[in-house]
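Beneath this line is the structure, given in structure tokens, with notes to follow.
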Amino acid sequence: MARLTILTAPDPRLKLVAQPVVAVDDAVRRLMEDMVETMYAARGIGLAATQVGVAQRVVVMDLSDMPEAPKQPLKMANPEILWHSDQDSSYQEGCLSVPGVFENVTRPDACKVRYLDEQNEVRELNATGLLATCIQHEIDHLNGTLFVDHLSNLKRNMIIKKLEKAKRLGQAAPVAF
Ligand code: GNR
Ligand code: NI
């Protein structure tokens, strides 16, 4: 496995619409493995291929919060929302590509997703709560959308300006907001 570099905003590669994979083959499985390692190293609960500069529709997630338990990462190719609830819920979101920023985002509270698993089998999953939020956050990445795009223009512009400045100064992340 290999640890990949996570892109941070602003970066034009984070705005690309990713291409579907033709099939989950050894190359896609290797990408999924590398993304899982990268996600764990960064202490994230999800990671989209877009964030590591790969414009393919692949995401990984792991919401288990017990560090001792055996790891059960979810690996998805070509995830599609088949259904989402009318009811919304709000979570304070963060993103490994928007370091140091945490803001409330409102999204559908529940969704049903169809995807290809690592054996290239079609699967469906019903999700609620933080998992539903995370799935939607990751699919957004595949469409070139960041969680800050759900905020007001004013808030987003302030955040992007601070991230730009941090990049100019060669800092990994802004110290405080
Ligand atoms: O680690 C992450 N935490 C998180 C918290 C609330 C809503 C979404 C997320 S996803 C994020 C990792 C990430 O950037 N995935 O793209
Ligand atoms: Ni993210």
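The values are calculated or read from the model by the stated rules, or taken from the named source; none is laboratory data. Here the structure is a predicted model, which means the values were calculated and not measured. A quick note on method: Cβ atoms are made from the backbone with ideal geometry, for glycine too, and the neighbour counts reach across all protein chains shown.
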Checking Ala77 against (1) out of contact with any Cys (no Cβ under 6 Å at 6 or more places or on another chain); (2) surrounded by 18 or more Cβ atoms within 10 Å (Cβ to Cβ); (3) more than 23 Å from Val52 (Cα to Cα): exactly one of these is not met. Which one? (3)
Of the residues Gln19, Gln56, which single one is without any contact (Cβ under 8 Å) to a residue 60 or more places away in the chain, touching a strand residue (DSSP E or B) at 6+ places or on another chain (Cβ under 9 Å), within 23 Å of Thr133 (Cβ to Cβ) and away from ligand 2 (no atom under 13 Å from the Cβ)? Gln56
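Per-residue answers, yes or no, for (1) more than 13 Å from ligand 1 (Cβ to nearest atom); (2) at pLDDT below 95; (3) surrounded by fewer than 22 Cβ atoms within 10 Å (Cβ to Cβ):
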residue	(1), (2), (3)
Ala48	no, no, no
Val52	no, no, yes
Pro67	yes, yes, yes
His84	yes, no, yes
Ala110	yes, no, yes
Arg114	yes, no, yes
Answer yes or no as to whether Ser85 is in contact with a helix residue (DSSP H, G or I) (Cβ under 7 Å, 6 or more places away or on another chain), of a type in the set (S, T, N, Q) and under 30 Å from Gln19 (Cβ atoms). no
Of all residues in region 142-155, which are without any contact (Cβ under 8 Å) to a residue 24 or more places away in the chain and more than 16 Å from ligand 1 (Cβ to nearest atom)? Ser152, Asn153, Leu154
Out of all the residues in region 121-132, is one or more within 11 Å of ligand 1 (Cβ to nearest atom), in a helix (DSSP H, G or I) and not small (Gly, Ala, Ser)? yes
Could you list, in sequence order, the residues of region 90-108 that are crowded, with 17+ Cβ neighbours inside 10 Å and touching an Asp or Glu at 6+ places or on another chain (Cβ under 8 Å)? Glu93, Ser97, Glu103, Val105, Arg107, Pro108
Yes or no: Leu7 in contact (Cβ under 8 Å) with a residue 60 or more places away in the chain and part of a loop (DSSP other than H, G, I, E, B)? yes
